[in-house]
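Before any comments, here is the structure.
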């Protein structure tokens, strides 16, 4: 029997679930959460997640705004997309995190994604499928800019760490 290996995984959690702060709770120095580091590592993404977190995840965009940030593996199908748009009525800063992986990284990426989602203070959805339109669109530069309820959302491709 063949094992189903979905092309896409998408989860919605609060932006705060993707961050850790220093041991003394210093809110001025956030880093990417351990679970987010594990997911990026499982996907083989050579990006500086702590720098990315400080630049893009530290402060929630105004309600009704938020762009997409895309991290790609330089020589493979793996990618991780952060759709930071959140609705005008969203008080928890819920964002969509999508990733695509190959068969060889599926098990380790799924373990890391489940740890991130199951450990989240505000877990909303966890979904896997061969086709997830929101995830596919968030990873395609030709889909941007796009209108999101009156906000012109942009796609930013994040450069790998050097």
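Condition check ((1) without any contact (Cβ under 8 Å) to a residue 40 or more places away in the chain; (2) assigned to a helix (DSSP H, G or I); (3) within 18 Å of residue 18 (Cβ to Cβ)) across all residues:
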residue: 41; (1), (2), (3): no, yes, yes
residue: 44; (1), (2), (3): no, no, no
residue: 47; (1), (2), (3): no, no, yes
residue: 53; (1), (2), (3): yes, yes, yes
residue: 62; (1), (2), (3): yes, no, no
residue: 66; (1), (2), (3): no, no, yes
residue: 69; (1), (2), (3): no, no, yes
residue: 76; (1), (2), (3): yes, no, no
residue: 80; (1), (2), (3): no, no, yes
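Across the range 89-104, what is the number of residues that are out of contact with any helix residue (DSSP H, G or I) (no Cβ under 6 Å at 6 or more places or on another chain), touching a residue at least 60 places away in the same chain (Cβ under 8 Å), within 14 Å of residue 73 (Cα to Cα) and not in a strand (DSSP E or B)? So that I can check it myself, show each step before the final result.
Initially, the range 89-104 is screened for residues out of contact with any helix residue (DSSP H, G or I) (no Cβ under 6 Å at 6 or more places or on another chain), giving 89-92, 94, 96-97, 99-100, 102-104.
Retained after the next criterion (residues that are touching a residue at least 60 places away in the same chain (Cβ under 8 Å)): 92, 94, 96-97, 99-100, 103.
Cutting the leftovers down to within 14 Å of residue 73 (Cα to Cα) gives us 99-100.
If we keep only those that are not in a strand (DSSP E or B) too, we end up with none.
The qualifying residues number 0.
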Next on the checklist: For the range 54-78, give me the residue count where each residue is surrounded by 19 or more Cβ atoms within 10 Å (Cβ to Cβ) and at pLDDT 85 or above.
Outcome noted: 9
Checklist entry - Could you say whether any residue in the range 93-101 is at negative phi, modelled with pLDDT of 90 or more and surrounded by fewer than 22 Cβ atoms within 10 Å (Cβ to Cβ)? => result yes
Item to check | Lone unmet requirement of (1) out of contact with any strand residue (DSSP E or B) (no Cβ under 7 Å at 6 or more places or on another chain); (2) in a loop (DSSP other than H, G, I, E, B) for residue 36 | outcome: (2)
Next on the checklist: Please count how many residues of the range 112-162 are loosely packed, with under 12 Cβ neighbours inside 10 Å, without any contact (Cβ under 8 Å) to a residue 12 or more places away in the chain and assigned to a helix (DSSP H, G or I).
Outcome noted: 3
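The values are calculated or read from the model by the stated rules, or taken from the named source; none is laboratory data. Keep in mind that what you see is a predicted model, and the values were worked out from it rather than measured. So basically every Cβ, Gly included, is an ideal-geometry build from the backbone, and we count neighbours across all protein chains shown.
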